[in-house]
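Below is one structure; the comments refer to it alone.
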Amino acid sequence: MDIRPIRTEADYDTALAEVERLFEAQPNTTEGDRLDLLTALVEAYEARQHPIAPPDPIEAILYYLESRGLTRRDLEPYIGSRARVAEILNRKRPLTLDMIRRLHASLGIPAEVLIQPYATGDAA
């Protein structure tokens, strides 16, 4: 079994082609083990070379609402009045730490997404 670290895009392309070839391999076989190893190497390379940035906090909130069939009014217990919700979602005001805590604790929106800096109307 000749498996090496993925160091270049050419190595990455070769590994992806091999993963595709082995995709139907049965677990606990030589080919299945090879698929497991190559998949781990590909994932590690992608994490290093092609990281996926977390979503913008406001976009994450809007996605959360849409995906669950919620409205802006459903955010009022966590953000404040209807006007405050509009200010936050229209980027006129930043989320406060208390808002972030409530959105995370009650709605399950990841805190690491909500605490990121993002553009507001106050930004230059």
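Since every read-out is calculated from the coordinates, none of them should be taken as a lab result. All figures in this text were calculated on a predicted structure; none of them were measured in a lab. All Cβ positions, even for glycine, are placed from backbone atoms using ideal geometry, and neighbour counts span all protein chains on display.
Out of LEU75, LEU95, LEU62, LEU89, one residue alone is surrounded by fewer than 16 Cβ atoms within 10 Å (Cβ to Cβ) and in contact (Cβ under 8 Å) with a residue 12 or more places away in the chain. It is LEU62. Given the structure, is GLY80 surrounded by 11 or more Cβ atoms within 10 Å (Cβ to Cβ) and small (Gly, Ala, Ser)? So GLY80 passes the test. Restricting attention to the range 92-124, the residues that are within 18 Å of PRO54 (Cα to Cα) and touching a Phe, Trp or Tyr at 6+ places or on another chain (Cβ under 8 Å) add up to 4. Taken over the range 73-96, the criterion of being hydrophobic (A, V, I, L, M, F, W, C) and more than 19 Å from VAL113 (Cα to Cα) is satisfied by ALA83, ALA86.
The helices (runs of 4 or more DSSP H) falling completely within the range 26-124 that include 3 or more residues that are hydroxyl-bearing (Ser, Thr, Tyr) map to 30-49, 57-67. Among (1) farther than 30 Å from LEU114 by Cβ; (2) of a type outside the set (Ser, Thr, Tyr); (3) part of a loop (DSSP other than H, G, I, E, B), there is one condition GLU18 misses while meeting the rest; what is its number? So the condition that GLU18 fails would be (3).
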